[in-house]
Amino acid sequence: MSRLSRSRAIRWGALVLAVVAVALVVVALVRGGSDTSARAQKPDPEWCTSGTQRTALCPHSKVFDAKEYAVHGNAFGCVYFASQADAQAVLRANPGDPNHLDDGGGVACRGLPEPRDTKPVAGIAQHFRCGPGDTRSALCPQPKRPFDARYFLRYGNDAYDCSDLASQADAQAVLRFEPGDPNHLDDDGNGIACPTLPGPKDVKPVRRGTP
């Protein structure tokens, strides 16, 4: 075999190997994506029938009746529900909150996953009483009350809104403590949290990203 022929054979061999490698990578990615999608859409256990109520054990069921969880006294904790919105629906069905789902101010089980419904249940906030150890918030706005930014970061997700803070400076303190902004207090990304909240103000921008 001539040197030219041998060189061409080597080139073609390398090309074929490269094509095969790319094909294998593509197949692996497709399978990985399919597996991820399958995990995300993992069906409920077989014993979760079509008429089973939606719970943390049967999170994909379409059947959910909030009243069923609001008339049995203190029978269902936050861990029983598939989402924060379901727990909020139960609190909305019975603002008396026999299950003690309210985290304060008419919002139930803030630590539960999406979907979310953090619009306060009317009437509950008016009956909220500030304890001596409660951090400063919209419910306990007294300026001399101590403030702990970690209180608004304890769930690590979009659990609190600007309306939960007593002032813009307090919202900025939360953003400064955790620039990752899990509560979306700075949606426009300019480093200033909740600019429409009342004073006192702290408008020194926070550098967004990792603290």
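Some points to look at:
- Residue in the stretch 99-109 that is under 27 Å from LEU57 (Cβ atoms), among the polar types (S, T, N, Q) and in contact with a strand residue (DSSP E or B) (Cβ under 7 Å, 6 or more places away or on another chain) present: no
- Condition met for TYR151 (within 27 Å of ASP65 (Cα to Cα), open to solvent by 30 Å² or more (accessible area, probe 1.4 Å) and of a type outside the set (Asp, Glu)): no
- Residue count for the stretch 135-153, restricted to those that are under 25 Å from PRO182 (Cβ atoms) and free of Cβ contacts under 8 Å to residues at least 12 places away in the same chain: 1.
Residues are listed down the side, and each one gets a yes or a no for (1) modelled with pLDDT of 90 or more; (2) surrounded by fewer than 16 Cβ atoms within 10 Å (Cβ to Cβ):
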| position | (1), (2) |
| --- | --- |
| VAL79 | yes, yes |
| SER83 | yes, no |
| ALA89 | yes, no |
| ASN94 | yes, no |
| ASP103 | no, no |
| ARG110 | yes, no |
| ASP117 | yes, no |
| GLY123 | no, yes |
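- Restricting attention to the stretch 162-211, the residues that are open to solvent by 20 Å² or more (accessible area, probe 1.4 Å), within 16 Å of THR118 (Cβ to Cβ) and assigned to a loop (DSSP other than H, G, I, E, B) add up to 3.
- In the stretch 158-203, the residue that is modelled with the highest pLDDT out of those that are more than 17 Å from GLN142 (Cα to Cα), in contact with a Gly (Cβ under 8 Å, 6 or more places away or on another chain) and of a type in the set (Gly, Ala, Ser) is GLY180.
- Of all the criteria given as (1) of a type outside the set (Gly, Ala, Ser); (2) under 18 Å from the mean Cα position of the chain (by Cα); (3) farther than 19 Å from VAL121 by Cα, the one not satisfied by GLN88 is (3).
- For TYR151: the one exception among (1) within 25 Å of ALA85 (Cα to Cα); (2) at pLDDT 90 or above; (3) assigned to a loop (DSSP other than H, G, I, E, B); (4) not hydrophobic (A, V, I, L, M, F, W, C): (3)
The values are calculated or read from the model by the stated rules, or taken from the named source; none is laboratory data. Note that the structure is a prediction, hence the values are computed from the model and not measured. Using ideal geometry, Cβ is built from the backbone for each residue, glycine included, and neighbour counts are taken over all protein chains shown. In case anyone asks, the SASA skips ligands and DNA or RNA and just uses the protein heavy atoms, side chains included. Shrake-Rupley method; radii C 1.70, N 1.55, O 1.52, S 1.80 Å.
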